[in-house]
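Here the structure is laid out as structure tokens; the discussion comes afterwards.
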Amino acid sequence: MDLFWLAVSTIAVGVFGCVAWFWGSNMILDRIWPPRGPNAGDNIRKANQVRPWLFLGPAILFLTLYLVYPVIDSFWRSLHNANGSRFVGGANYSWLLGDGKFRESMRNNMLWLLVVPALSTLFGLIAAQLTDRIRWGNIGKSLIFMPMAISFVGAGVIWKFIYEYRAAGETQIGLLNWIVTSLGGQPQIWLTLPVWNNFFLMLVLVWIQTGFAMVILSAALRGIPEETIEAAILDGASPWQVFFKIKVPQIMGTIAVVWTTITIVVLKVFDIVFVMTNGQWGTQVLANLMYDWMFRGTPDYGRGSAIAIVLMILVTPIMIWNIRNARREAG
Amino acid sequence: MEGMAGQKSTLVWAVNISAFLLVLLWTIPTLGLLVSSFRDRDQIASSGWWQSFSASEQTGFVRTGTDADAVQRDGLYVIEGNVLAEGQSLVAWGTRARDPGAHQPGETVETSDGWQLTVAEDGAYVLTSPTPFEMRRGERIFLTTKAPPKFTAANYQRVLTAEGLGRAFMNTLTVTIPATVIPILIAAFAAYALAWMRFPGRALLTAAVVGLLVVPLQVALIPLLRMHNEIGIGKGYLGIWLAHTGFGLPLAIYLLRNYMIGLPREVIESARVDGATEFQIFRRIILPLSFPALASFAIFQFLWVWNDLLVATVFLGNTREQLVMTGVLRELMGSKGGEWEILATSAFISIAVPLAVFFAMQKYLVRGLLAGSVKGG
């Protein structure tokens, strides 16, 4: 119950504080330069120079403290030793290059990067195309989209149940092993199979992200001008040709957006690996490796920060691409 | 697309069937979890959840009574009893481990000790002997039984109380609601300024917000935790609320700005001409008109905070009383790896609220996604 009141009072204080800030600061501004009287014009101009910064103030403060400062601080820390007491230059980075676990993580992240966006976009495209053409399409869309609302941890439980292993001869209660044994195969401990286990983890993220891809691509497909499709059909194009030669090229821009959005999710993937294998059996990824160095055993903030900065560098090209796109649209 | 030239009914069928298969493939994992959460512990271990709607066959053995239970009747020594538990029915039985299903219900068989044993269909058994029984333990009867599908809500009760998920549910709620409400307020004002006020540096700030969208929050963990410790917030709710507010702001500002910039210019201009202050315009015009965008972001942030594990692990403590649901779930995966009735139930409780929000507010979620990706890209 205490907890409940703490939460309620925080919301009250937070909301009230925000409103008080915006309302109060605006009022003070209008007192200093009242928008009437002999100097009204001059006053309004002055007030309008200040007002945007009152509106933006809290946001800028938060963004600076919680996103900009940490990037700089992490970079600075990555040039120091484990507890930050000594400047070591690029030593953490050169150590990374030689570390087996780091190389494994980079390899796995690259695998994820190739497989997950590709499969999610492909399945999303198929799902969008199929559900757009049937009467119960909206229900179908909802169900494919649903995993989006499920946490990575919840999805981890769901899929671990599917990969569950019982020794040969026992009743298999994991769906995958049941199918395999029903077809006459041997049950496998899927999550420990070298290299393949990575793909079983990726499947979880594909399952989650397909719905996202489907929703965006379905909207794009519906935005294609009918004339282009009709013209192609009149010219005798088959449904396959219509899809791959007429529709897909027209939504290439949207496909790129979906692809990069999923790429960012993939680069930061953490929870799925953390709860399903914890990076064992050759499934380590960067985010989990960083967590290991920062919070397990004796923390090494230098090395942990160096891994974080590597992550940051990996997302930077996408960041620049996004900014350029946004500016082009604005201008 | 119906009525298109050359559309064949086989194609329609093919589309329907492949769509159905795809939907099935995407639904089955969650369905398995839901079904399992209502199953009995023993049944989960003895059969797959997809078999749970048909009667499940089990094998095992029970022992008859011993010398002490024997009575004398018609010059014979007799031990009687029943081998079945409630709800079970007998499929086959036997007296030797090597051939546990050798006999049909109702058959009479001579055991290796020369006794007569009958097991009836209702499970009643009669063991008779012309001479007094001499055995320390009862005779084994091997059984193949059938149990009807059994569903129970007992798992939910256990998980909510004994496994501490009830407490975690409250913790998650405590984290989520302020962390959803506060960024919306802050972002709404900032988005309005970026969309409708003219000031130097506006383009640069907008670009910065787009850039900050993709900053991996892993980068922020250590610096922020240290900052919180230094200014005395430490680990706790205040810290996690602030952290989620910071992490959620770029998306909030971005979504809201994109939406607000599309609002009709005339409405805002005429309000300005009428002498409304910016604050009044914001509160009376912008905020009500932006409701769809506010709802979209609220859902995003709600789902994201509710489902988050990393930020909670780092910014909240890790004792049992402080864990959020994802944290408990993760701990259970470690400690109760094989107890699927616990895991399935816990997982389902933790995903129930997001799923409900998802199905109720899907429209806004989709709208937000489209605004964030297609338009702004």
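Data table
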| item | result |
| --- | --- |
| Eligible lysines near A:Lys101 by straight Cα distance, threshold 21 Å, same-chain separation 8 or greater | A:Lys268 |
| Computed label-point distance, nm, for sites A:Glu170 and A:Val8 using a 7 Å Cα→Cβ extension | 4.9 |
| Using alpha-carbon coordinates, inclination of helix B:218-230 to the longest axis of chain B, degrees | 80 |
| Label-point gap, in nm, between A:Trp95 and B:Val78 - each point 7 angstrom along Cα→Cβ | 8.3 |
| Those lysines that a straight Cα-Cα span of less than 21 Å connects to B:Lys363, excepting residues fewer than 8 apart in one chain | A:Lys141, B:Lys375 |
| C-alpha center-to-center spacing [the range A:93-149, the range B:119-140] in angstrom | 62 |
| Hits among lysines - C-alpha to C-alpha of B:Lys146 under 29 Å, sequence gap 8 or more where chains match | A:Lys160, B:Lys336 |
| Calculated FRET value between A:Lys46 and A:Arg135, using beta carbons and R₀ = 56 Å, to 0.05 | 0.35 |
| Folded to 0 to 90 degrees: helix A:301-330 orientation relative to chain A principal axis, Cα | 70 |
| Residue-by-residue Karplus 3J(HN,Hα) for the range B:287-299, coefficients 6.51, -1.76, 1.60, Hz, glycine and proline x | 4, x, 5, 8, 3, x, 5, 4, 5, 4, 5, 4, 5 |
| Relative exposure of B:Ile182, B:Ile28, judged by other C-beta atoms within 10 Å (fewest first) | B:Ile28, B:Ile182 |
| Chain A: relative contact order as a whole-number percent, Cα under 8 Å and 6+ apart | 24 |
| Formal net charge of residues neighbouring A:Asn177 (Cβ-Cβ distance under 13 Å; K, R +1; D, E -1) | 0 |
| Calculated SAXS-style log₁₀ I(q)/I(0) at q = 0.11, 0.16 Å⁻¹ - the range B:1-137, Debye, Cα scatterers | -0.62, -0.92 |
| Least to most buried among A:Thr316, B:Thr176 (fewest other Cβ within 10 Å first) | A:Thr316, B:Thr176 |
| Efficiency of FRET between A:Ala82 and B:Ser335 - r from beta-carbon atoms, R0 25 angstrom, step 0.05 | 0.25 |
| Sorted by Cβ neighbour density within 10 Å, fewest at the top, the residues B:Arg140, B:Arg39, B:Arg265 | B:Arg265, B:Arg140, B:Arg39 |
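Where a number appears in this text, it was derived from the coordinates with a stated rule and is not lab data. Quantities reported herein were computed from a predicted structural model and do not represent experimental measurements. Cβ sites come from the backbone with ideal geometry, for glycine too, and all protein chains shown count toward neighbours.
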